[in-house]
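Undergrad: Sending over a structure as structure tokens; questions will come in a sec.
Nothing in this text is a laboratory measurement; each read-out follows from the coordinates by a stated rule. None of the values given here were measured: they were computed from a predicted structure. Here the Cβ is made from the backbone with ideal geometry for all residues, glycine too, and neighbour counts use every protein chain on show.
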Amino acid sequence: MTDKFKGINQRMLVLKGGSPAIHKLGDIGREEDDFIDIFGEIGDKYIGSFCEGYGFIGVQFNKKDCRSLTKEEIDDKNHRYFSINGVPRYKINIDREGYYLLNGEKIECDDEVWAEEFK
């Protein structure tokens, strides 16, 4: 039986440098540690995207290659704004476990939207 996509609360993690990041176009992993946004999981893989870059979504990251953010990284991220094309959209707010917060609540993923993508 194949593992199925499961939506999880949106979270920021760090992908360890040199680890694979599998997209439909191939391995788009990075040499250095980099921040990733996670919104789902399938078996031993997280599903998400890099926080910065070309905007590839639906990237698969091995759970063993990811780590939680340090206190210093969380403090730094909580003083930044998310922007598109240089236009600020909202202030980043993550808790001590790296989960994104909106009005004090964790942001949930819509299973139905992504389950079709990962059949």
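Undergrad: Please list, ordered by first then second residue, the pairs with beta carbon atoms under 8 Å, 6 or more apart or interchain, first in segment 93-109 and without any contact (Cβ under 8 Å) to a residue 60 or more places away in the chain, second in a loop (DSSP other than H, G, I, E, B) and of a type outside the set (Val, Ile, Thr).
TA: Asn93/Asn78; Leu101/Asn93; Leu101/Asp95; Leu102/Asn93
Undergrad: Can you tell me how many residues in segment 70-87 are assigned to a loop (DSSP other than H, G, I, E, B) and either closer than 22 Å to Tyr54 by Cβ or touching a Pro at 6+ places or on another chain (Cβ under 9 Å) (or both)?
TA: From segment 70-87, those assigned to a loop (DSSP other than H, G, I, E, B) are 70, 78-80, 85-86; that's our starting set.
Restricting the remaining residues to those that are either closer than 22 Å to Tyr54 by Cβ or touching a Pro at 6+ places or on another chain (Cβ under 9 Å) (or both) gives 80, 85-86.
Total meeting the criteria: 3.
Undergrad: Now a separate question. Would you pick out the residues in segment 38-68 that are out of contact with any Phe, Trp or Tyr (no Cβ under 8 Å at 6 or more places or on another chain) and not polar (S, T, N, Q)?
TA: Gly43, Asp44, Gly53, Tyr54, Gly55, Ile57, Lys64, Asp65, Arg67, listed by residue number.
Undergrad: Can you name the residue in segment 38-67 that is within 11 Å of the chain's Cα centre (by Cα) and in contact (Cβ under 8 Å) with a residue 40 or more places away in the chain and, of all such residues, is nearest to Lys6 (Cα to Cα)?
TA: Looking at residues that are within 11 Å of the chain's Cα centre (by Cα) and in contact (Cβ under 8 Å) with a residue 40 or more places away in the chain, I get Gly40.
Undergrad: Could you please find all residues in segment 70-99 being of a type in the set (Ser, Thr, Tyr) and either under 14 Å from the mean Cα position of the chain (by Cα) or surrounded by 12 or more Cβ atoms within 10 Å (Cβ to Cβ) (or both)?
TA: Filtering segment 70-99 down to residues of a type in the set (Ser, Thr, Tyr) leaves 70, 81, 83, 90, 99.
Listed by number, the list holds a single entry, Tyr99.
Undergrad: A follow-up question, please. With the requirement that a residue be of a type in the set (Gly, Ala, Ser) and on the phi > 0 side of the Ramachandran plot, what does segment 49-87 give you? Please lay out each step first, then the result.
TA: Of all residues in segment 49-87, those of a type in the set (Gly, Ala, Ser) come to 49, 53, 55, 58, 68, 83, 86.
Passing the criteria: Gly53, Gly55, Gly58, Gly86.
Undergrad: Which fully enclosed strands (runs of 3 or more DSSP E) of segment 19-69 have 1 or more residues being of a type in the set (Gly, Ala, Ser) and surrounded by 13 or more Cβ atoms within 10 Å (Cβ to Cβ)? If you could, list the steps in order and put the result at the bottom.
TA: Details: elements: 34-42, 45-50, 59-62.
Passing ranges, in order: 34-42, 45-50.
Undergrad: What do you reckon, is Asp3 touching a residue at least 40 places away in the same chain (Cβ under 8 Å) and more than 25 Å from Leu101 (Cβ to Cβ)? Walk me through how you get there before you give the answer.
TA: Values: touching a residue at least 40 places away in the same chain (Cβ under 8 Å): yes; more than 25 Å from Leu101 (Cβ to Cβ): yes.
Yes.
Undergrad: Which of the residues spanning segment 61-95 are over 22 Å from Ile47 (Cβ atoms) and charged (D, E, K, R)?
TA: Passing the criteria: Lys71, Glu72, Asp75, Asp76, Arg80, Arg89, Lys91.
Undergrad: So for segment 74-86 (the condition being touching a Leu at 6+ places or on another chain (Cβ under 8 Å) and among the polar types (S, T, N, Q)), does at least one residue qualify?
TA: Of all residues in segment 74-86, those touching a Leu at 6+ places or on another chain (Cβ under 8 Å) come to 77.
In the following step, the residues that additionally are among the polar types (S, T, N, Q) were identified as none.
Checking segment 74-86: not a single residue is touching a Leu at 6+ places or on another chain (Cβ under 8 Å) and among the polar types (S, T, N, Q).
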